[in-house]
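The structure appears below as structure tokens.
The values are calculated or read from the model by the stated rules, or taken from the named source; none is laboratory data. Since this is a predicted model, take the numbers as computed values, not measurements. Ideal geometry is used to build each Cβ from the backbone, glycine not excepted, and the neighbour counts take in all protein chains shown. Surface accessibility is based on the protein's heavy atoms, side chains included, excluding ligands, DNA and RNA. Shrake-Rupley method; radii C 1.70, N 1.55, O 1.52, S 1.80 Å.
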Amino acid sequence: MVEKTLKVVCGQDSDSIKKLEALCREKAEELKNKIEISNGNTVDVSFWTKGMPELICVGHFHQNKLGEITFVLDFSESTL
């Protein structure tokens, strides 16, 4: 069950895909330490560029069996 959807803005549409992927991973690592997720739920986070917004990826955050927050970044939905 998706609990909520959040939005993160990083990079610019003129940045390379490699740079944008690295920025998204960096922001996701920071976010996983701050986000609160109920057991069994998922929080989706969309990652967008600044200025003319383009979707970079969607991060799916959930709590594993050990109670740790983990995530997967899905770049297949990118509009770049």
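Pick from segment 37-79 the residues that are assigned to a strand (DSSP E or B) and of a type in the set (A, V, I, L, M): which of them is farthest from S14 (Cα to Cα)?
In this case the residue turns out to be I69.
Could you check segment 24-36 and list, in sequence order, the residues that are assigned to a helix (DSSP H, G or I) and without any contact (Cβ under 8 Å) to a residue 24 or more places away in the chain?
Listed by number, the residues that qualify are E26, K27, E29, E30.
In segment 33-73, what residues are under 17 Å from I17 (Cβ atoms) and surrounded by fewer than 12 Cβ atoms within 10 Å (Cβ to Cβ)?
Residues satisfying the conditions are G51, M52.
I'd like the residue in segment 1-29 that is at pLDDT below 95 and over 19 Å from T79 (Cβ atoms) and, out of all such residues, is least open to solvent (accessible area, probe 1.4 Å).
Among them, the one singled out is E3.
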